[in-house]
Amino acid sequence: MNFNLVSPFDSASNFTARFKDDIQITKNSSVYLNHFKVERDRRIVLINDNTLTLEFKYPMPSRIPDEPGTLTLDSANNPENYRVAIPKGTYNARSLNELMNKGIQTLLNRNTSIQCTRGLYNAGTLFFKSQQANANTLVPGLGEDSIILSTVLNGFRDIYADVPADNNGNEFFNSLINEEIDQDTVNFFNSSSGTGAADKAYAKTSADGTPILYDNYMLSSTWLPNYSMLFEQWRSDFGASYSGTTTILPGPADSESNNRQIKYASRVKAKTFRTLAEIKTAVAPEFIGIYSGEYALGIPQVADPVATPGWETNGARTTGSMTPLLSSGNGAPLGGTAGIPVCFFGVEVGFTDTDGDLSARIFLGAQDKTINGVVNPMKVNEQTCVSGSKLDNMMLIKSIKLDDASVANEPPLLDSADKIEVAIIPYYKVDPKYANKTNPLNDRLDQFVDLTMQHFQVCIRSISDPQMDWKIIYDSMEDGPVQKDEHSNVNPQRLIGAMSSEWLSNFEDAYISSGSPSSTSMVNWQIPFKVFLSSQEQAGGWEDVNMTSFDKYPDVGDDLGGTDANPRTFIGALSYKLSPEIAKLIDDSLIDKPDTSFYTNWNFPTLPDIKYQDYFQLNPIYDGSLVDYLSSAYFAGLAILPNLYTDGSRESYVVYINNLPLRNYKNTRDNRTSGTATRTKGGYNKNILANIPLPYQTKYMVGNMLLGYYEPFLKAPSDMKNQNMKLNYFNIEIRNALDDTPATHLKSSTVNFTIIDKKSKLLN
């Protein structure tokens with residue numbers, strides 16, 4: 001007798017086939033499989049509820065200021081607070097992508113005591129284009145089976161632009177905006193600012209003395225994000241597969257790259273109110289720099305910095321409504337210069353040098369201590385805040401002639417009729433070899449961002465000539481002089497134009513060990529920078545001072561704004577953890593490791609990913625024609641999970657007929673421990689008709705369906721050792737071979753088998 005049993009649709013793993021007539025099975029009959037057909041959904045089929053968990057590194061600040069024992073973004077100890085639920089079911093890549101990214105967006109929109117990231121990030125701004133020929137036919141190989149987890153920093157916007165909506169469709173306050181500078185309400189002296197068309201953004205208000213001095217200053221009311229990167233480090237070609245030889249992002253020698261750098265990166269830019277000729281005639285240059293409100297007011301001066309964190313007792317500090325501190329000019333070996341406002345990093349525009357030429361001069365703050373007769377800059381790793389960092393000097397790092405055509409390798413940048421615009425860009429070095437590649441690994445790499453040193457870049461351009469592009473005149477990673485160590489050897493890690501990140505982050509750790517009461521300022525010091533402005537004459541000053549503005553404590557309501565005790569938190573690095581069932585779809589090597597999760601490489605969503613913004617924000621749909629581009633490019637804020645649709649290449653099944661007296665044997669991959677040895681659990685006998693190894697080796701795809709087929713090369717009859725029996729139904733069950741779990745993801749199945757008695761010629 002031959003039987004061909006076809007399952008109902010969506011009940012392929014367990015069904016009963018009934019017959020009108022009784023089936024007579026004689027004593028001691030045998031049964032064997034002829035062929036097996038199966039149809040399954042090749043989309044993303046989740047049998048169990050799954051999760052996506054966000055994990056974080058290097059948050060800024062890393063602790064709650066008033067509760068230093070409480071970490072921000074503490075996913076390690078509180079994973080439930082950063083978990084997205086993914087219900088069981090069948091998904092296409094787009095629907096699962098939307099579910100994941102909306103869940104991530106919901107988490108990042110929170111404003112809680114351990115997380116205040118609302119308004120900073122957008123999740124899911126990039127998705128794969130649907131490549132369906134029609135409603136029932138899926139075109140393979142164009143990315144329709146992949147997911148992109150894209151958590152990126154909100155693009156900087158003009159303050160007057162419409163408030164954007166996140167990817168859940170909710171409006172929120174965007175904390176990163178481009179706006180005209182506002183004066184700090186506490187840290188300013190002899191100065192005024194205005195934002196009207198006829199007003200100076202910065203002006204000196206005190207009478208001009210003799211000699212004229214930088215006897216005035218102000219800080220910005222908001223902060224300049226220091227966690228950024230350079231455009232020139234982050235570029236790639238699309239290649240011939242997209243549009244011939246189109247280069248989307250120009251290289252560092254292309255002036256357009258500098259324009260884009262100014263557009264996208266964290267920066268401050270300001271225009272001189274006077275032309276270079278007017279500045280030269282007055283012999284009164286202008287100054288713009290970077291400083292800190294926490295340094296100016298909050299972090300204490302102490303006598304014993306070892307016992308109590310803080311700077312050593314030192315009155316030399318620009319602070320509050322006091323005359324700004326001017327450099328004493330100590331440190332001649334490194335070009336210490338008197339009369340320069342003391343800050344962390346600064347640019348003086350319009351200095352008349354000994355040749356009578358106009359120059360731009362680059363300065364870095366320094367300590368009053370010396371090593372080997374050289375004034376220490378704020379980058380020497382040994383000079384931490386605890387060991388006594390003090391700021392009372394400014395070192396001349398580089399001088400750039402602005403209007404002298406005779407200087408070799410320094411062509412004239414400007415002429416005397418020009419007003420100029422200056423930009424300062426704080427950034428960190430990145431290393432693309434550590435970036436998140438298209439195929440993420442379980443070995444997560446987090447060395448993409450070099451957090452050891454804070455770098456600066458300075459750009460200028462003429463505002464008198466609208467056709468002139470930005471010109472890089474200084475880059476601390478390339479132009480900074482080096483300091484010799486105690487053996488007079490040049491140490492390339494001691495670039496004087498850069499600041500040590502240890503110097504910036506030391507207070508937070510110091511607070512934990514000492515219990516200092518000044519925790520708010522110490523922790524918030526991790527996002528330190530404010531813009532510093534000064535001018536020597538009332539007739540001078542700055543106009544159109546525009547900055548990438550970040551407010552740690554925006555006053556926009558309890559549901560949106562942070563406080564000084566709960567400031568907005570930047571994400572340093574972000575990784576996505578996918579639960580085991582999804583993990584096996586991403587990496588089929590995990591099939592043999594059933595309890596293993598998948599971790600993406602570390603992403604860096606706070607970096608303004610210029611390449612991403614430059615293209616994908618204009619075209620958020622990932623087109624299949626860009627496969628070659630994505631496979632060879634790096635993105636700071638993207639984790640790409642390719643090929644989640646199954647091809648069933650490693651799936652095997654077991655077919656049971658539960659109401660026949662079959663006695664065949666199998667085991668599962670489950671292990672048991674015996675002493676120090678690990679062994680598989682014991683096998684067992686069940687009503688097994690046949691094992692079905694790899695039915696999709698010869699597979700057919702029809703739309704979203706995957707068809708598999710298996711026919712044994714040799715028929716293997718199983719003796720039932722039965723008595724004469726009569727029945728009118730068969731109960732068929734199909735299970736996964738590896739773990740004997742029901743194969744509930746199957747859509748339909750066909751089982752063809754034969755029952756023969758002991759006298760059959762087929763057996764003899």
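For this structure, a couple of remarks:
- When the pairs Lys37/Lys726; Lys726/Lys759; Lys263/Lys577 are compared against a 29 Å limit on Cα-Cα distance, Lys263/Lys577 fall above it.
- Under a 5 Å amide H cut-off, with hydrogens placed 1.01 Å from N, Asn216 pairs with Ser535 among residues at least 5 apart or on other chains.
- Annotation: extensible slack from Lys759 through Ser399 equals 119.1 nm (criterion: 0.36 nm per residue apart, minus Cα-Cα distance).
- Remark: spin-label model distance Asn77-Asp592 equals 3.9 nm, labels positioned 7 Å along the Cα→Cβ axis.
- Pairwise label distance in nanometres, Asp49 with Asn659, each label 7 Å out on the Cα-Cβ vector: 3.6
- Full extension of the chain between Leu297 and Val186 gives 39.1 nm of extra length, using 0.36 nm per residue less the Cα-Cα distance.
- Sorting the segments 579-589, 19-29 by their mean number of nearby beta carbons within 10 angstrom, highest to lowest, gives 579-589, 19-29.
- Computed lengthening from Thr323 to Tyr729, 0.36 nm per intervening residue step minus Cα-Cα distance: 136.4 nm
- Take the Cα of Leu694, go 7 Å toward its beta carbon, and the backbone nitrogen atoms of the range 574-588 under 17 Å from that spot belong to 588.
- Of Lys200/Lys530; Lys88/Lys666; Lys102/Lys429; Lys584/Lys715; Lys666/Lys699, pairs whose Cα-Cα distance is over 24 Å: Lys88/Lys666; Lys102/Lys429; Lys584/Lys715; Lys666/Lys699
- Local electrostatic count at Thr646 - Lys and Arg +1, Asp and Glu -1, tallied over other residues with Cβ under 12 Å: 0
- The label point for Lys686 and the one for Gln24, both projected 7 Å from the Cα toward the Cβ, are 3.3 nm apart.
- Listed peptides 36-45, 273-282 by packing density, highest first (mean Cβ within 10 Å): 36-45, 273-282
None of the figures in this text is laboratory data; all of them are computed from the coordinates on show. From a predicted model like this one, the values you see are computed outputs, not experimental measurements. Using ideal geometry, Cβ is built from the backbone for each residue, glycine included, and neighbour counts are taken over all protein chains shown.
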